[in-house]
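Since the structure comes first, as structure tokens, the remarks are kept for the end.
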Amino acid sequence: MKASEKIKGIVFAYNTEGEYGMVKDLGMEWMRMHVSFPWTDRMFGTISEQYLKEKEEIIAVHDCGFEIMVTTPGLGAYRFDEALGKTRWMETIPDFCGEKGTKEYYDNVRDACEFICRDLGDAAGIYWQCMNEIDNPIFASHYSDEIVTMTARVQAEGIVKGNPEARCGINLSAYTPRALEIADLVYAPGHSFYYMGDDQYYGSWQEGTVETWTETIDKLYERYGLPVLANEWGYSSGGEYSDHHYVEPKMVPFGLPEECYTQKWYFTAPGGHTDEVQADFVYRGLQIFAEHPHCIGSFLFCWRDAYKCYHCGGETCPSEDYWGIVTKDCKPKPAYYAVQKALKEFYS
Ligand SMILES: [Zn+2]
């Protein structure tokens, strides 16, 4: 695949306010956007306000000339609950789909994804991400591997039923033995997927730096024989680095990253978590994805710095608050210009 045909994408988060023109000026062609489960009361019942809002924005973004990779509803997530003031599990697929793991449940999840695909029509691009980071307990909780992986498989079946041209994949949260165990189940014979997706945050959530991607793409391609998409990647421009852990991991509440608990990063790229290192990191990453023969493109995480960390509610939390290439108030960081330059240089 020529570099000019690869996915030049960005995850349109957080706290966005319709600044599509700025994303266009960057040279991005794809945005990753989420849709919620469509109904509030029963299968094919009342459409939820949330779903309608998300659909409207997907159509608006598509009308601006972007392709959209839609992410489907997963099982849920541990998130900070403002009202309770703590992090808790929030379920996403409603009980009326049936008991998880039963045929009724899988049939309903398949049907819901077929509906989403048909309902979004041309506004959705051909690439789809089924669920989110299903190997990560933050998004899988205590659900069994069978429920988690079969849910992803039937979602892909539903999407491909809705659009036979659709290209589905999952996004692993890392390249670890545990993640591969999950991926082996998802991509067991008979699956409906097109690509293998991976999220990696070398130098932030994982050890390494952006060049580590090359080896990861090679290994994923070797194992699954499918083109590889970098569904999420990036570098946090803020947060203090620590070379030692302050607490026993077992002290940290389940579902909350240790980084939120201690407000430290345990990994860093050379130079630390700064605007300049972030800019250099994203520039080099875009070159790697353009040149790697088995990579079909990437979605940079993310557009804008977050006001609050969705895990812990913190306003200056290393975990989530500094991933943007623009600041909270939408001013370009050095990484914005680095991305613009790289997209011109490596993808034309
Ligand atoms: Zn946090």
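Coordinate-derived values only; no laboratory data. These numbers were taken from a predicted model, which means no experiment stands behind them. Positions of Cβ are generated from backbone atoms using ideal geometry, with glycine treated the same way; all protein chains shown enter the neighbour counts.
Annotations
- Neighbour count of at most 16 Cβ within 10 Å plus DSSP loop: longest trypsin sites (Lys or Arg not before Pro)-free window in the chain: 43-327
- Ranked Met1, Met33, criterion: other C-beta atoms within 10 Å, fewest first: Met1, Met33
- Other-chain or far-sequence residues with amide H under 5 Å of Arg32's (modelled H): Ile10, Val11, Phe12, Met69
- The GluC sites (Glu not before Pro) of the range 1-101 meeting both criteria, a DSSP state outside H, G, I, E and B (loop) and at most 14 other C-beta atoms within 10 angstrom of the site's C-beta, are Glu17, Glu19, Glu82, Glu99.
- For the range 102-151, the Rg and Dmax computed from alpha carbons only, in angstrom: 12.8, 36
- Charge tally in the Cβ shell below 14 Å around Tyr246, where Lys, Arg are +1 and Asp, Glu are -1, Tyr246 excluded: -3
- Distance (nanometres) between label positions extended 7 Å along Cα→Cβ at Thr214 and Glu258: 3.0 nm
- Extension gain from Met90 to Asn15, taking 0.36 nm per residue of separation minus the Cα-Cα distance: 25.0 nm
- Translational diffusion coefficient (Stokes-Einstein; Kirkwood radius from C-alpha pairs) of the range 1-89 at 4 °C, 1.567 mPa s, in µm²/s: 85 µm²/s
- Here the simple spin-label model places points 7 Å from the Cα toward Cβ, and for Ile126 and Ile59 these points are separated by 2.5 nm.
- With pairing defined as another cysteine C-beta under 4.7 Å, the cysteines of the chain that fail it are Cys64, Cys97, Cys113, Cys117, Cys130, Cys168, Cys295, Cys302, Cys330.
- Förster-model FRET efficiency, 45 Å R0, Glu248 and Gln50, C-beta, rounded to 0.05: 0.75
- Stokes-Einstein translational diffusion, the range 3-346 - Kirkwood Rh over all Cα pairs, 1.567 mPa s, 4 °C, in µm²/s: 64 µm²/s
- Charge context of Pro332, other residues only, Cβ under 13 angstrom, K/R +1, D/E -1: 0
- From least to most packed, judged by other beta carbons within 10 angstrom and beginning with the fewest, Thr212, Thr316 follow the order Thr316, Thr212.
- Pairs from Lys308/Lys333; Lys8/Lys341; Lys103/Lys161; Lys86/Lys308; Lys264/Lys328 whose Cα-Cα separation, in the structure shown, is over 22 Å: none
- Cα-derived Rg over Rh, computed across the range 272-348 with Rh taken as Kirkwood radius: 1.02
- In nm, spacing of pseudo-spin labels at Cys330 and Glu240 (7 Å Cα→C-beta vector): 3.3 nm
- Net +/- balance of residues flanking Lys2 in space, Cβ distance below 13 Å, scoring K and R +1, D and E -1: 0
- Cα gyration tensor category, rounded, prolate or oblate, for the range 132-184 with a/c compared to 1.5: prolate
- Taking only alpha carbon atoms, the range 172-265 gives an Rg to Rh ratio of 1.03, where Rh is the Kirkwood radius.
- Per the Cα gyration tensor, the range 41-184 maps to an equivalent ellipsoid with semi-axes of 23, 19, 17 Å, ordered largest to smallest.
- Whether the range 164-226 is rounded, prolate or oblate, judged on the alpha carbon gyration tensor where a/c under 1.5 counts as rounded: prolate
- In a simple Cβ point-charge model (Lys, Arg +1; Asp, Glu -1; nothing else charged), the chain has a dipole of about 300 debye relative to its Cα centre.
- Sequentially through the range 298-307, phi angles give Karplus couplings (6.51, -1.76, 1.60; θ = phi - 60°) of 7, 10, 6, 10, 8, 6, 10, 4, 8, 5 Hz, Gly and Pro residues having no value and appearing as x.
- Counting every other Cβ atom within 10 Å of each residue's Cβ, Ile126, Ile7, Ile170 order from fewest to most as Ile126, Ile7, Ile170.
- Under 5 Å, built H, 5+ apart or other chain: amide partners of Leu172: Gly197, Asp198, Asp199
- The antiparallel fraction among DSSP beta bridges confined to the chain stands at about 20%.
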